[in-house]
Amino acid sequence: MIVVTGATGNVGRSLLKTLARTSAVTAVSRGQLPLDLPEGVRYQQADLAQPETLRPAVAGAHTLFLLVAGAGADLDVNQILKVSQAGGIERVVLLSSQAAGTRPQSVSHAPLRGIERVAETSGLAWTILRPGGFASNTYAWAESVRARRTVAAPFGDVGLPIIDPDDIADVAATVLQDDAHVGYIYELTGPALSTPRQRTADLADAIGEPIHFIEQSHDEARTQMLQFMPEPVVDGTLSILGEPTPAEQRLTPHVQLLLGRPPRTFAHWAERHVNAFR
C-alpha cells in the first residue's frame, strides 16, 4: 500500500492515476472525497496539521508520498513521520523544492530544508524530489487571458527550467515503486529555460489568438503576490524569478534518467490545459 498526501493537487491527481494501474493506493487530503478519484483507490480524509488524523490512512501501508503545502513551516513533520512509522510506513518520498538545495538558508525555503533533514534522520528509508517551478503556476494568468488576452508578469526575459507537474508525478510513481532510489535526492527540471514572455507566446499558440504581455515592475508584482502569499515567500520567490543562481537555471538529467524519456515542454503543457485559458 502506498499513501499519497496532497492527493487533490496538480501532482497528486496525476500520481494517483499512474499508481492505481499497478499498486494499492490510499489518497489523503483535507477536503471531501475527490470526484475524479481513480477506480480502486481508497480515500481517507486527514489533515497534516493534525498528525493523529493520519493514523487510519497509514495503517498497514508501506510507503508514504509526503507533499506539504507551501514550505511546511507550520507542520510538525517529525510527528507526521512518527505516526506514519507506527502505522507500518517504512519509506517516505518527500516532494520538496529545488530552492531547498539552492537557498537552504533563505527565510522562504529554510523550512523545506528542515523538513528534508527530518526525513533523512527519521529512521525511515527516504527519497527526496526537488522540482523547479511548476508549469501549472501559469494558471495564475488564466483569468486575465480569458478576459483580456493579456498576461502581466515580472522579469519577462529571465528563463527558468520549469517542469510539468505530470513529469513530477511520473518520477514520483517510479521512485515510490522501486527501493533502488532510497537515499537519493533528485532535482527535477524541464527540458529548457522558459521565460514569461515565451510562455505567453506558447499559450497564444495553444489558443490560436494573440496574447499581449505586460512586464510588471518588481514592486507591482510584489504588491499583487502579497494578496495571497506570506511576505517571506513573496520575497524569496521574486528573488528566484528575477535573479536566479546558475544552479537554478541548470537543466538536470534526472527526469530523462528515471523515465527513459525527456521532460515535457511548456508548450506541451499549454496544449493539454488550453481550456483553462480560452
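The values are calculated or read from the model by the stated rules, or taken from the named source; none is laboratory data. Keep in mind it's a predicted model, so treat the numbers as computed, not measured. Methodologically, a virtual Cβ is constructed for each residue, glycine included, from the backbone with ideal geometry; neighbour enumeration extends over all protein chains shown. Side chains included, ligands, DNA and RNA excluded: accessible areas come from the protein's heavy atoms. Shrake-Rupley method; radii C 1.70, N 1.55, O 1.52, S 1.80 Å.
Looking only at residues of the range 201-222 that are of a type outside the set (A, V, I, L, M, F, W, C) and assigned to a strand (DSSP E or B), we find that the one that is least open to solvent (accessible area, probe 1.4 Å) is Gln216. Condition check for Ala140 on (1) without any contact (Cβ under 8 Å) to a residue 60 or more places away in the chain; (2) of a type in the set (A, V, I, L, M, F, W, C); (3) closer than 25 Å to Leu193 by Cβ; (4) open to solvent by less than 10 Å² (accessible area, probe 1.4 Å): one failure, at (4).
Whether a residue is small (Gly, Ala, Ser), crowded, with 19+ Cβ neighbours inside 10 Å and in a loop (DSSP other than H, G, I, E, B) was assessed, and Gly40 does not pass this test. Among the residues of the range 78-116, those identified as touching a Pro at 6+ places or on another chain (Cβ under 7 Å) and assigned to a helix (DSSP H, G or I) are Gln79, Ile80, Val83, Gln98, Ala110, Arg113.
Whenever a residue of the range 143-160 is over 16 Å from Ala201 (Cβ atoms) and of a type in the set (Lys, Arg), its partners that are assigned to a loop (DSSP other than H, G, I, E, B) and open to solvent by 30 Å² or more (accessible area, probe 1.4 Å), lying with C-beta atoms within less than 7 angstrom and at least six residues away or across chains, give the pairs Arg146/Arg278. Take Thr26 and decide whether it is of a type in the set (Val, Ile, Thr), modelled with pLDDT of 95 or more and either outside any helix (DSSP H, G or I) or over 21 Å from the mean Cα position of the chain (by Cα) (or both). Yes.
Which of (1) assigned to a helix (DSSP H, G or I); (2) open to solvent by less than 50 Å² (accessible area, probe 1.4 Å) is the odd one out, the single condition Ala153 does not satisfy? Here Ala153 meets the rest and fails (1).
Within the range 58-67, the set of residues being part of a loop (DSSP other than H, G, I, E, B), touching a residue at least 40 places away in the same chain (Cβ under 8 Å) and either open to solvent by 10 Å² or more (accessible area, probe 1.4 Å) or over 22 Å from Tyr43 (Cβ atoms) (or both) comprises Gly60, His62.
Scanning the range 225-259 for residues that are open to solvent by 50 Å² or more (accessible area, probe 1.4 Å), in a loop (DSSP other than H, G, I, E, B) and not acidic (Asp, Glu) gives Leu226, Gln227, Phe228, Pro230, Arg250, Leu251, Pro253. Inspect the range 168-178 for any residue being outside any helix (DSSP H, G or I), open to solvent by 40 Å² or more (accessible area, probe 1.4 Å), at negative phi and not β-branched (Val, Ile, Thr) and give the result as yes or no. Within the range 168-178, one or more residues are outside any helix (DSSP H, G or I), open to solvent by 40 Å² or more (accessible area, probe 1.4 Å), at negative phi and not β-branched (Val, Ile, Thr).
Of all the numbered requirements in (1) closer than 30 Å to Thr18 by Cβ; (2) open to solvent by 30 Å² or more (accessible area, probe 1.4 Å); (3) touching a Ser or Thr at 6+ places or on another chain (Cβ under 7 Å), Gln198 misses one, and that requirement is (3). Remark: Ser144 falls outside the filter, which requires a residue to be assigned to a helix (DSSP H, G or I), under 26 Å from Arg21 (Cβ atoms) and of a type in the set (S, T, N, Q).
Just one of (1) touching a residue at least 40 places away in the same chain (Cβ under 8 Å); (2) in a helix (DSSP H, G or I) fails for Pro191. It is (2). In the set (1) out of contact with any Lys or Arg (no Cβ under 7 Å at 6 or more places or on another chain); (2) surrounded by fewer than 16 Cβ atoms within 10 Å (Cβ to Cβ); (3) more than 25 Å from Asp179 (Cα to Cα), the condition left unmet by Asp47 is number (1). Of all the criteria given as (1) touching a helix residue (DSSP H, G or I) at 6+ places or on another chain (Cβ under 6 Å); (2) in a loop (DSSP other than H, G, I, E, B), the one not satisfied by Leu33 is (1).
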